Amino acid sequence: MFKLEFKELSGFIVGWQATGKNDHGYEYSVVQHTGSYGGTQGEYEFAGYDSNGEMVHHSVTGWLTREAATEMAKNWKG
């Protein structure tokens, strides 16, 4: 079962982040913090990375439910 593991962010940004690599071998980041799209409303932001570990900027999607962000991270294929 795929599950996001969130860690608390500290310092200037207040919130949470889950990072990892999915079963397809691609990295992802899911955040909920004061500067993320939807973070102050309790929603999540997803970002996916390519096979070189570079963020795919058009993948950044905000205002997601936790369930939607989890599905994006689980299914991300670079």
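Looking only at segment 3-31, which residues are assigned to a strand (DSSP E or B) and of a type in the set (D, E, K, R)?
Hits for segment 3-31 are 7, 8, 21, 27.
Restricting the search to segment 39-54, which residues are within 13 Å of residue 73 (Cα to Cα) and either open to solvent by 100 Å² or more (accessible area, probe 1.4 Å) or among the aliphatic types (A, V, I, L, M) (or both)?
Once the filter is applied, which keeps residues that are within 13 Å of residue 73 (Cα to Cα) and either open to solvent by 100 Å² or more (accessible area, probe 1.4 Å) or among the aliphatic types (A, V, I, L, M) (or both), segment 39-54 yields only 47.
Only one of (1) within 13 Å of the chain's Cα centre (by Cα); (2) over 21 Å from residue 76 (Cα atoms); (3) not small (Gly, Ala, Ser) is not met by residue 12, so which one is it?
Only one criterion in (1) within 13 Å of the chain's Cα centre (by Cα); (2) over 21 Å from residue 76 (Cα atoms); (3) not small (Gly, Ala, Ser) is unmet by residue 12, namely (1).
Can you report the number of residues in segment 28-65 which are free of Cβ contacts under 8 Å to residues at least 40 places away in the same chain and under 20 Å from residue 3 (Cα atoms)?
20
So that you can scan it fast, the table gives a plain yes or no per residue for (1) small (Gly, Ala, Ser); (2) in contact with a Lys or Arg (Cβ under 7 Å, 6 or more places away or on another chain):
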{"residue": "1", "(1), (2)": "no, no"}
{"residue": "12", "(1), (2)": "no, no"}
{"residue": "27", "(1), (2)": "no, yes"}
{"residue": "42", "(1), (2)": "yes, no"}
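Any residue at all in segment 43-60 that's over 9 Å from the mean Cα position of the chain (by Cα), assigned to a strand (DSSP E or B) and among the polar types (S, T, N, Q)?
yes
Report the residue count in segment 18-38 for those that are open to solvent by less than 100 Å² (accessible area, probe 1.4 Å) and farther than 19 Å from residue 75 by Cβ.
Total satisfying the criteria: 6.
The values are calculated or read from the model by the stated rules, or taken from the named source; none is laboratory data. Here the structure is a predicted model, which is why all the values come from computation and not from measurement. Methodologically, a virtual Cβ is constructed for each residue, glycine included, from the backbone with ideal geometry; neighbour enumeration extends over all protein chains shown. To get the accessible areas, we keep the full protein, side chains included, count just its heavy atoms, and leave off ligands, DNA and RNA. Shrake-Rupley method; radii C 1.70, N 1.55, O 1.52, S 1.80 Å.
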